[in-house]
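One structure is given here, and the rest of the page talks about it.
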Amino acid sequence: MTSSSPAPDNDRPPPARFALDPWTWKEISYLLSNLPVAVAGFVYTVFMIAVGVGLSLTVVGLPLLAGGLQGARLLGRAERGRARALLGVRIDEPSATALGRRDRGVLPWLWSSLKDPVAWRAVLYSFMRLPWGVLTFTVTLLSLFVLWPVLPFTARLLTNADRAMARGLLSPSDELERRIAELESDRGVVVDTAAADLRR
């Protein structure tokens, strides 16, 4: 397998080499983008929790917190996309059950949003990413100018930790949730196929 080939089927990147191949440059790009992405996620998370909890004694506090948690879900989706594009990590999309309950009324939607484990794991991920983003940005930038002979191995070590964090906190929480996500994906394919058949 050449160095420019995509990630193998088992979701593992090719072995790190001394040469800065395209795969290594993707990992470097991911590490350098960690800091701005982490700052944005941290600021959003802190603001959302501070406003939601601070206003929780009023009528608007809990709905604001629930809406903020749904925003955290969107941040998690963006992070899964970034990891997929730059690290080759395949992470299943969690089920969107909390979003799908809005049609049952405001209170069921509010309750399911506030206890949504996917959203709270995305919040935890955003909190953890700030110190990690500072560390990875600093080490990668230093390695680019000073320690470039070992940069591919440093980048692989750091991105392996990123892969583990993304899989641990941004993937579906259990086998049932994974199965729900798969069924929802299959249902979308069936609906699209049926619509295409009707148009024909």
Excluding ligands, DNA and RNA, the carbon-plus-sulfur percentage of the accessible area of the range 17-175 with a 1.4 Å probe reads 75 percent
FRET efficiency, residue 40 to residue 114 (Cβ-Cβ, R0 22 Å, nearest 0.05)
0.40
Heads up, I need the accessible area for residue 42: 1.4 angstrom probe, whole protein in place, Å², nearest 10.
60 Å²
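The values are calculated or read from the model by the stated rules, or taken from the named source; none is laboratory data. Keep in mind it's a predicted model, so treat the numbers as computed, not measured. For neighbour counting, all protein chains shown are included, and Cβ atoms are generated from backbone atoms with ideal geometry for every residue, glycine included. With ligands, DNA and RNA removed, areas are computed over all heavy atoms of the protein, side chains included. Shrake-Rupley method; radii C 1.70, N 1.55, O 1.52, S 1.80 Å.
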